[in-house]
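Asker: Here it is, the structure, as structure tokens.
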Amino acid sequence: MKSSFIVTAATAIQSAILNHESELESLDRAIGDGDHYINMKRGAQAIVDMQPELAELTADAALNKIGMKLLSTIGGASGPLLASFFMGMAKVIKEKSNTSLTTYASAFAAGVDSIRQRGKADIGEKTMLDVLIPVANQFTTLAAQSASAKEISLALTQTAEQGMLSTKDLIATKGRAAGLGERAIGHIDPGAKSCQLMIESVCNLIK
């Protein structure tokens, strides 16, 4: 992974977030705090604004820098969680001596596990982890099987969408939506939707 790809991915993610403003706001009004889109938009813009600086860094340093920026930029629970993801990825990439797909899969899985530990949540609780954990597992499996980057990207796009859609039928046990009980059923989790959009954006670049 090169910093140039990270910069390109940041722009693609920002476009995806902006293009789905009404959907993200609608989802968050239904079961969230109403500020999810604003926070995601602010975070995406902050990363895009860092592009000249990121381009000069190694991949692990760029990812860590993004994590630090999100920690100070995004409000609510999303900031620390997303920051943990990027910092977790950065640590693995720095430790590994190769740039194979298995390394990237390990880094992604480490980032997801950082979110799981920090948020004290897991799959099935109507959160972003319902997208991220299946994607991490699929990525790890396919990389170990020596699947191509294109094959992995296609599979992860589908897995992310399936995970996002699965949150519609779940009862939330974390975050604001947890207080709604069964009333949250029938609504897709906004954090899961954002993660699906981000994963799809990056995978589209690779496909």
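Asker: Would you work out the relative contact order for the chain, in percent, from Cα pairs under 8 angstrom that are 6 or more residues apart? Mind dumping the intermediate values first?
Answerer: Numbers: 325 pairs, mean separation 45.7, N = 207.
Across the chain, relative contact order equals 22 percent.
Asker: Please work out the average accessible area per residue across segment 3-203, using the 1.4 Å probe convention, and give it in Å². Walk me through the numbers on the way to the answer.
Answerer: Values: 9250 Å² over 201 residues.
With all protein chains present, segment 3-203 gives 46 Å² per residue.
Asker: Within segment 54-151, which trypsin sites (Lys or Arg not before Pro) sit in a loop by DSSP and count at most 16 neighbouring Cβ atoms inside 10 Å? Don't skip to the answer; put the middle values down first.
Answerer: Values: sites: LYS65, LYS69, LYS91, LYS94, LYS96, ARG116, ARG118, LYS120, LYS126, LYS150; in loops: LYS96, LYS120, LYS126.
Here the trypsin sites (Lys or Arg not before Pro) that fit, given the DSSP loop and packing criteria, are LYS96, LYS120.
Asker: Can I ask one more? Between SER106, MET128, VAL202, whose Cα lies farthest towards the positive end of the dipole of segment 3-203 when Lys and Arg beta carbons carry +1 and Asp and Glu beta carbons carry -1, centred on the Cα centre?
Answerer: The residue sitting farthest along the positive end of the dipole is SER106.
Asker: Could you count how many Lys pairs in the chain have their Cα atoms under 17 Å apart, skipping same-chain pairs fewer than 8 positions apart?
Answerer: Count of close lysine pairs: 17.
Asker: While we're looking at this one, here's another question. Helix by helix through the chain, keep the DSSP H runs that span 15 Å or more along the axis on Cα and average at least -0.5 on Kyte-Doolittle, and give those back in order.
Answerer: Values: long enough: 3-19 (24 Å, 1.22); 21-31 (16 Å, -0.56); 36-49 (20 Å, -0.36); 59-73 (21 Å, 0.43); 78-95 (26 Å, 0.78); 101-119 (27 Å, 0.07); 129-144 (22 Å, 1.19); 149-166 (25 Å, 0.11); 190-206 (25 Å, 0.68).
Result, helices passing both filters: 3-19, 36-49, 59-73, 78-95, 101-119, 129-144, 149-166, 190-206.
Asker: Still on this structure: Taking a quarter of the surface of the convex hull around the Cα atoms of segment 3-203, what do you get in nm²?
Answerer: Values: hull surface 39.6 nm².
Over every viewing direction, the Cα hull of segment 3-203 projects on average to 9.9 nm².
Asker: Please name whichever of SER4, THR167, ALA30 sits farthest to the positive end of the charge dipole of the chain, dipole taken about the Cα centre and charges placed at Cβ: Lys and Arg +1, Asp and Glu -1.
Answerer: SER4
Asker: Let me know the charge dipole size of the chain about its Cα centre in debye, to the nearest 20, where only the beta-carbon of Lys, Arg (+1) and Asp, Glu (-1) is charged.
Answerer: Numbers: 20 positive and 21 negative charges, 73 e Å.
Around 340 debye, computed over the chain.
Asker: Whole-Hz ³J(HN,Hα) for each residue in segment 181-187, computed from phi via Karplus 6.51 cos²θ - 1.76 cosθ + 1.60 with θ = phi - 60°, x for glycine and proline: what do you get?
Answerer: x, 5, 5, 7, 5, x, 10
Asker: I'd like the chymotrypsin sites (Phe, Trp or Tyr not before Pro) in segment 101-207 restricted to DSSP loop residues with at most 10 other Cβ atoms within 10 Å, sorted by number. Before the final figure, lay out each step's value.
Answerer: Values: sites: TYR104, PHE108, PHE139; in loops: none.
Passing sites in segment 101-207 do not exist.
Asker: With Cβ to Cβ distances under 14 Å as the rule, what net charge do the other residues near GLU56 carry (K, R +1; D, E -1)?
Answerer: Working: positive: LYS2, LYS65; negative: GLU53, ASP60.
Within the 14 Å Cβ shell, the charges total 0.
The values are calculated or read from the model by the stated rules, or taken from the named source; none is laboratory data. These numbers were taken from a predicted model, which means no experiment stands behind them. Cβ coordinates were reconstructed from backbone atoms using ideal geometry, including for glycine residues, and neighbour counts include every protein chain displayed. Protein only, heavy atoms only, side chains kept; ligands, DNA and RNA dropped before computing areas. Shrake-Rupley method; radii C 1.70, N 1.55, O 1.52, S 1.80 Å.
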